[in-house]
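The values are calculated or read from the model by the stated rules, or taken from the named source; none is laboratory data. The shown structure was predicted, so the numbers you read here are calculated from the model rather than taken from an experiment. With ideal geometry, Cβ positions are generated from the backbone for all residues, glycine too; neighbour counts draw on all protein chains shown. Protein only, heavy atoms only, side chains kept; ligands, DNA and RNA dropped before computing areas. Shrake-Rupley method; radii C 1.70, N 1.55, O 1.52, S 1.80 Å.
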Amino acid sequence: MMQTSNSPASSFRHTIMPSLPQLLSGRILHFAKLSATSSYESHSAKQVKFPKKISRKTDSGSPPRNTQKLNLEVSPHRAVSAVRLMRIELGGAFADLLNEQGKGSGENEMGYVERTLGFHTRHLEDRDLRLVTEIVGGTIRWRRYLDHLILSLCHDESTFRSMEPLLLQILRIGFYEITKLDMPPYAVVDENVKLAKVALRPGAGNLVNGILRKLIVLKESDSLPAVKVDGDDRQQARGLATLYSHPVWMVRRWTKYFGRDEAIKLMTWNNSSPSFSLRANTGKGLTGADLVSRLKILKVPHEPSLYLDDFVRIKTGMQNVIQAGLLKEGFCAVQDESAGLVVSIVDPQPGESIIDCCAAPGGKTLFMASRLNGQGTLFAVDINEGRLRILKETAKLHQVIDVISTIHADLRTFSTDKVVEWDKVLLDAPCSGLGVLSKRADLRWNRKQEDMEQLKHLQDELLDSASRLVKPGGVLIYSTCSIDPEENEERIEAFLLRHPEFDIDPVNRYVPEDFVTTRGFYLSNPVKHELDGAFAARLVRSQ
C-alpha cells in the first residue's frame, strides 16, 4: 500500500520487505523486457509438468535395475546438458540460467540430474560448465536443423515422432557436437551411448550408437542430408527455416520486411555465439577504466564500447566475470549497449523526476539512477512484485537506492489514478524480443505468430497509459528490444494519430547518426551494429 507524505518520493514509494539473500545481479542481462517473461501476458512456452524422474524401462519389460547414485562413466556435461534441455523444452526453464548462478551452478545442475535420472556424475569443473553453456545454447539454436538430420537418418517418421524426450535430447546433443562443434566423432558416440544406456536402457544406447555412426559416415563423405530451398515462397521459407533453424513464420515475416538476403544475415547472427557488454557501476564511483583493469587481471579478452563510455564488450570469459564476483558485488552490470543507448535517449539529468513504467528487472532503471548523481527521483513501476523486489535489492547493491522508489502496480490502472506528472516517462514495453534472439536461444521456439497481435494491443494500451503521466512539455520515450516494424514504428504512428498533443523529438542529439531512422527514431540492427536489436522513439508533449 502506498504511503502518503508531503514529498512526491514518499508519496509513491512502495515498501517491499528484503528478500532473495543471494542476489543474482547478472539476471539484469538477459531479461531485457521480453514479453516471454512479462507478467502482462501469459508465458507463450509450452507449460508441461516436468517429470521428477525419468521412467527407465528395460528392453525386456522387466523392472528397472537399481541405479547407483554415483556414476563415473557418464560424461557430466552431457548429463547436465540433456536434463537442462528437457527442462527448457518441457518445463519452461530458461536457457541462460546456468550462466547466472556462478560457482554454485554446477551443484544445482547436478542436483537436477540426480532427481531426474536417478544418479549423479562427478562434479562439474569450469571447462564442463563452459561446455554445458555451449551445448545447451547451440543445441537449442540449431534444433530444427538437427531434427531434420535425425529424421532423415531414422528413415521412419513414426520412430522420430514417438521418440522419448530424453532420447531425443541425447541425439540432438550428439548431432550438434559432431556437425557444429567438430568434436572427435567416435568419442561423441561413446559418451552419448553411455548416457543413453545408463539414463534409459541398453536398447536406447544401441539406437544412439547406430544413428550417430550413420551421421559420422555421411559427414566424413560430405553427404549430409540436404535441405531444399526451392519452390514457391512458402516452400522456400520452410527450407530456409530448416537450414537456418528458425520458425517458418519468422522467416516469412523477415523476408517480407527486410528481404531474403537480410533475413538470412539476421538468422546467421542469431545462430552465432553471443557477445556481451559490461557496464561499470558509476553509482559506486567506478569507471570503464576500473572495469578494464579488473578484466585484465582476470585475463578476459575485452574491447571498449564504440558508442558508450563505461561500457566494455567481451566475447568470452563471462564465467570468469561471474565467478570473480564482479556482478554479485555490484562492480558492474551486464547490459547490452543497445539498452544503454535507450538510456542516452532518455537523457536523465540531475534533479529530474522520471518514471520507468515497466521497470523490472531494472537494467535501464539502474543506469538512469546512476546518471542522476544522487539528485532527482526515479520511480520504478512494475506489475511483478517479485521482480521489483530484485530491482530494489540490486539498487542497494549498486548504491543508487536513494533516488529509486518502487511501485507495485499495473500501469494501466496506476495511470488513471495519478496525482503527479513526470518530467520524463520511459515505457520499455513488453515485446516479442525478436531483437535479442542471439542471447535468448530458446525464445525463437517459445514465440508464436499469434503473439504479435496480442502484443501490439498491449503496447497500445500501455502507451496510452504512459502518456497520461507526462507533464506538459515533458518527454515520453517508448522502447522495445524488437526489430519488428509493427511493434516499433507502426505503434508510434498509431499513437500519434490518437494523441496529437505529442510530437516526435528526433533522437540524433542523443545517439550516433548511424542509429537514427528517417523518421528520427532510434533503431539498432544486430547485423549492422553487432548489438542486440532495439528501438526507441522520443516524443514531446505540447505545453
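Tabulated data
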item	result
Residues located in region 153-184, provided they are open to solvent by 40 Å² or more (accessible area, probe 1.4 Å), touching a residue at least 24 places away in the same chain (Cβ under 8 Å) and under 18 Å from Leu224 (Cα atoms)	Lys180, Leu181
Within region 495-532, tally of residues that are part of a helix (DSSP H, G or I) and open to solvent by less than 30 Å² (accessible area, probe 1.4 Å)	5
Unmet criterion (only one of (1) in contact with a Gly (Cβ under 8 Å, 6 or more places away or on another chain); (2) under 26 Å from Val343 (Cβ atoms); (3) open to solvent by 70 Å² or more (accessible area, probe 1.4 Å); (4) charged (D, E, K, R)) for Glu303	(1)
Sole exception among (1) of a type in the set (S, T, N, Q); (2) under 30 Å from Lys265 (Cα atoms); (3) open to solvent by 30 Å² or more (accessible area, probe 1.4 Å) for Asn488, by number	(3)
Helices (runs of 4 or more DSSP H) contained entirely in region 122-214, each with at least 1 residues that are in the same structural domain as Leu437 (by the TED database) and among the basic types (Lys, Arg)	none
Flag if Lys256 is in contact (Cβ under 8 Å) with a residue 60 or more places away in the chain and closer than 27 Å to Arg444 by Cα	no
Selected residue (only one of Leu207, Leu212, Leu218, Leu195 is farther than 30 Å from Thr116 by Cα and surrounded by 15 or more Cβ atoms within 10 Å (Cβ to Cβ))	Leu218
Residue match in region 422-433 (condition: under 17 Å from Lys364 (Cα atoms) and of a type in the set (Gly, Ala, Ser))	yes
Unique match (being outside any helix (DSSP H, G or I), over 21 Å from Arg252 (Cβ atoms) and open to solvent by 30 Å² or more (accessible area, probe 1.4 Å)) among Asp464, Asp423	Asp423
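Per-residue answers, yes or no, for (1) under 29 Å from Val425 (Cβ atoms); (2) touching a residue at least 12 places away in the same chain (Cβ under 8 Å); (3) surrounded by fewer than 24 Cβ atoms within 10 Å (Cβ to Cβ):
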residue: Ser275; (1), (2), (3): no, yes, yes
residue: Leu278; (1), (2), (3): yes, yes, no
residue: Leu295; (1), (2), (3): no, yes, yes
residue: Leu308; (1), (2), (3): yes, yes, yes
residue: Gln323; (1), (2), (3): no, yes, yes
residue: Ile355; (1), (2), (3): yes, yes, no
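Table: residues versus (1) under 23 Å from Gly533 (Cα atoms); (2) touching a strand residue (DSSP E or B) at 6+ places or on another chain (Cβ under 7 Å); (3) not hydroxyl-bearing (Ser, Thr, Tyr).
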| residue | (1), (2), (3) |
| --- | --- |
| Gly340 | yes, yes, yes |
| Thr365 | yes, yes, no |
| Gln375 | no, no, yes |
| Leu378 | no, yes, yes |
| Ile390 | no, no, yes |
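The rows are residues; the columns are (1) of a type in the set (Gly, Ala, Ser); (2) over 24 Å from the mean Cα position of the chain (by Cα); (3) farther than 23 Å from Glu486 by Cα.
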position	(1), (2), (3)
Gln236	no, yes, yes
Ser245	yes, no, yes
Met250	no, no, no
Trp254	no, no, no
Tyr257	no, no, no
Ala263	yes, no, no
Ser275	yes, no, yes
Asn281	no, no, yes
Ile297	no, yes, yes
